[in-house]
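The values are calculated or read from the model by the stated rules, or taken from the named source; none is laboratory data. Given the structure is predicted, the values throughout are model-derived calculations rather than measurements. Positions of Cβ are generated from backbone atoms using ideal geometry, with glycine treated the same way; all protein chains shown enter the neighbour counts.
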Ligand code: FES
Ligand code: FE
């Protein structure tokens, strides 16, 4: 029996020991066995619109620079001067062909080469001028850029496994390429990072935690339709990735009301997409998806905009969160405005949803101080039923199984995937014609 996760198929029961949320030793093992051996999201290519654009990010504790070099190639550098370590870029974003270290003045171009060293006569003739360091691997899928610190990791498409289907459903919503809008939400939560991965596809908490939001929707629509649970399914995508996916009916229930103008724009845009992608795929695009790519990337597409969320563990009881809005650039201004409004007022750190979630997570973390009296958290919902929908916890168990395999070095008993309803099973890959066009 594992000290971290207890599975009993008879009851059935799946529970997680709360010490994995608080123990610094577990946190250190996660850093080493998960974060040093996964593909980790750093940013989207469209955040670097022009050559020499850059953003700085912390990924698994490492300060990194994501840059488009002078020739347009996407690069990732360690944000540390090879001389004695001062941070090269201290801005969150900018445009610079050269980066000059403020400590002793060494300069580098954005292809990573050192281009000048003040008073370099002070170095011997054989001195090797060091360039910038880089993570072992950099990869990109549909504009989503990932890094890995493991030189032997599988390639990114293999790692993403079934999650590619859902990144495609998001990315195909534009014919010219989905684009991240300028502006980042940044906030921190005094809770273990795993609590937010769970929460990001936890449909069960909606009615209780987000009561005020549902009241607002009720006021706008006349009634709150929470029948989404029966229109959704949790899907194991392999590799610890999972999605809680809904039909368009679930989106209509969950989404913020659109103005008539925006509804019209959206309908027209989707009609155009049908010509490239065919009806079955575009119908699927119209559904909802809360996707978690193991370990810490969240993509949520609830009809009113696509949210990209990256969770950065800092200590066992503290995480930093960044979020961006991904849009089809060809949509009209009105729909963009409403998407941005939704991004700020629903998902934002002071919006309708996030503060409620943060409060829930922080109280969980505080209560884990009593873990000797109450050591286990329960994640068994839906184990007994063949339909593991939005109100179940199958998606979280999928994640935890991968976590356990990496951290404890041992596989837990599998749990079968529920058969996919026709809507989700009908077409599982983007059409070949579209594949040829999009790189
Ligand atoms: Fe950067 Fe010395 S630490 S130039
Ligand atoms: Fe929530």
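Observations on the model:
- Look at region 208-220: where a residue is without any contact (Cβ under 8 Å) to a residue 40 or more places away in the chain and a partner is in a helix (DSSP H, G or I) and within 14 Å of ligand 2 (Cβ to nearest atom), sitting 6+ places away or on another chain with Cβ atoms under 8 Å, you get 214/206; 214/207.
- Residue match in region 348-359 (condition: part of a loop (DSSP other than H, G, I, E, B), in contact with a strand residue (DSSP E or B) (Cβ under 8 Å, 6 or more places away or on another chain) and modelled with pLDDT under 95): yes
- Per this entry, residue 121 is counted among residues that are out of contact with any helix residue (DSSP H, G or I) (no Cβ under 6 Å at 6 or more places or on another chain), loosely packed, with under 13 Cβ neighbours inside 10 Å and either without any contact (Cβ under 8 Å) to a residue 60 or more places away in the chain or under 18 Å from residue 48 (Cβ atoms) (or both).
- Whichever residue in region 195-210 is assigned to a loop (DSSP other than H, G, I, E, B) and surrounded by fewer than 22 Cβ atoms within 10 Å (Cβ to Cβ) and, among such residues, is farthest from ligand 1 (Cβ to nearest atom): 204
- Filter result for residue 331 (modelled with pLDDT under 90, surrounded by 14 or more Cβ atoms within 10 Å (Cβ to Cβ), assigned to a loop (DSSP other than H, G, I, E, B) and away from ligand 1 (no atom under 16 Å from the Cβ)): yes
- Taking region 274-284 as the range and being touching a residue at least 12 places away in the same chain (Cβ under 8 Å) and surrounded by fewer than 21 Cβ atoms within 10 Å (Cβ to Cβ) as the test, the residues that pass are 276, 278, 280, 283.
- Condition met for residue 389 (farther than 14 Å from residue 12 by Cα, surrounded by 22 or more Cβ atoms within 10 Å (Cβ to Cβ), away from ligand 1 (no atom under 16 Å from the Cβ) and modelled with pLDDT under 95): yes
- Among residues of region 165-183, those that are touching a helix residue (DSSP H, G or I) at 6+ places or on another chain (Cβ under 9 Å) and assigned to a loop (DSSP other than H, G, I, E, B), counted: 9
- Residue in region 298-305 that is touching a strand residue (DSSP E or B) at 6+ places or on another chain (Cβ under 9 Å), over 19 Å from residue 423 (Cβ atoms) and buried (at least 22 other Cβ atoms within 10 Å of the Cβ) present: yes
- Scanning region 403-439 for residues that are in contact with a helix residue (DSSP H, G or I) (Cβ under 9 Å, 6 or more places away or on another chain), at pLDDT 85 or above and under 30 Å from residue 283 (Cβ atoms) yields a total of 12.
- A single entry from 39, 77 fulfils the requirement of being under 28 Å from residue 159 (Cα atoms), within 16 Å of ligand 1 (Cβ to nearest atom) and in contact with a strand residue (DSSP E or B) (Cβ under 8 Å, 6 or more places away or on another chain): 77.
- Residues satisfying the stated conditions in region 32-60, i.e. free of Cβ contacts under 8 Å to residues at least 60 places away in the same chain and either more than 18 Å from residue 315 (Cβ to Cβ) or within 19 Å of the chain's Cα centre (by Cα) (or both): 48, 49, 50, 51, 52, 53, 54, 55, 56
- Flag set for residue 6, criterion: within 24 Å of residue 369 (Cβ to Cβ) and at pLDDT 95 or above.
- Some residue of region 373-395 being part of a helix (DSSP H, G or I), in contact with a strand residue (DSSP E or B) (Cβ under 8 Å, 6 or more places away or on another chain) and more than 16 Å from ligand 2 (Cβ to nearest atom): yes
- Any hit, region 71-85, residues being in contact with a helix residue (DSSP H, G or I) (Cβ under 7 Å, 6 or more places away or on another chain) and either in contact (Cβ under 8 Å) with a residue 40 or more places away in the chain or not in a loop (DSSP other than H, G, I, E, B) (or both): yes
- Of the numbered criteria (1) free of Cβ contacts under 8 Å to residues at least 24 places away in the same chain; (2) crowded, with 19+ Cβ neighbours inside 10 Å; (3) under 30 Å from residue 86 (Cα atoms), the one residue 164 fails is (3).
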